[in-house]
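Read-outs: derived from the displayed coordinates by stated rules, not from any lab. Because the structure is a prediction, the values reported are computed rather than measured. Cβ sites come from the backbone with ideal geometry, for glycine too, and all protein chains shown count toward neighbours.
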Amino acid sequence: MERGIYKRILHCGLVIASLVIVSAIPVEEELRISPKELAALQQYKQIILPRLKHDYMKTDLYLIRFLRAANLNLKDAEQRMIDNLKFREENNLEGILSEDWSDIENDYPYSTDTVDKEGRPIVSFSLGDWDLRKGIVQGKRDRVIRYLDKAFEDVALQIREKQARGENVTQARPNTNLQIKAIFLINLANFNLAQQGCFQCLPTIYQYFLHQVHFPNLSDKIILVNTPGLFETVLQLLQPIMAPETRVALRVFGPDKDKWRNYLYSLVDKNQLYTEFGGTRRHPY
């Protein structure tokens with residue numbers, strides 16, 4: 001009995017980590033660039049720009065995220081970028097959004113077509129409706145992981161396009177535009193360890209951990225709603241080891257709809273929230 005409880009806690013811990021590990025820096029900090037960061041950015045450009053093929057990678061927004069993820073360590077930031085370029089090339093991330101996903105998208109739906117009141121893209125999905133075990137049993141493990149990569153690339157592209165159009169951009173200094181980031185909104189209603197936290201699922205979740213390093217500092221807020229009681233307990237245990245920026249970004253709500261709806265309504269208009277999040281927007285499927 002006791003062993004079973006420990007297993008459940010371990011499972012919840014691993015699944016929760018996959019949800020909240022997305023690198024996060026609050027937008028207020030993102031929109032500021034310190035003199036120390038600026039000096040490091042100029043050095044980083046001299047080192048890394050010759051390696052970059054795409055214009056969007058040469059922007060301050062893109063580069064500062066890798067620098068911050070490396071705590072301004074130039075060698076570390078350089079290696080992170082080299083690893084990122086290799087990952088993107090080997091996995092053809094530049095073409096991932098144009099692939100046919102009809103074989104999997106209905107089983108693992110997510111939405112990136114809404115924004116909050118500040119214009120930040122929202123990534124929303126109901127994890128409890130995702131049967132990860134089914135996909136793995138069907139031999140689609142790698143396909144599922146790639147599909148999750150697609151979700152991150154989707155929102156990263158939206159942010160780049162907004163920046164290119166000059167939307168929601170604050171001038172940190174002349175010619176340095178830093179863009180606000182995404183909100184991750186996750187519904188945990190119907191979650192169960194058999195489908196989303198099974199032992200067969202753990203390697204997939206771990207691989208998902210590894211891939212997130214290639215999308216540093218992508219989120220401004222990570223909001224969990226309808227969180228099961230055991231999840232909340234595990235989150236409290238994980239708080240001391242979370243990165244400070246993740247603790248600031250993370251918002252966890254239980255099944256009390258009034259509480260999480262009021263919070264969401266303060267950030268997002270109802271027509272930009274899907275019905276499972278208390279909004280008026282309906283899915284096309």
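List of remarks:
- For the pair Leu97 and Leu49, label points projected 7 Å from Cα toward Cβ lie 2.5 nm apart.
- The Cβ shell under 11 Å around Phe184 holds other residues with a net charge of +3, Lys and Arg each +1, Asp and Glu each -1.
- Flagged links, alpha-carbon separation over 31 Å, of Lys134/Lys162; Lys86/Lys117; Lys36/Lys58; Lys150/Lys270; Lys45/Lys270; Lys117/Lys257: Lys134/Lys162; Lys86/Lys117; Lys45/Lys270
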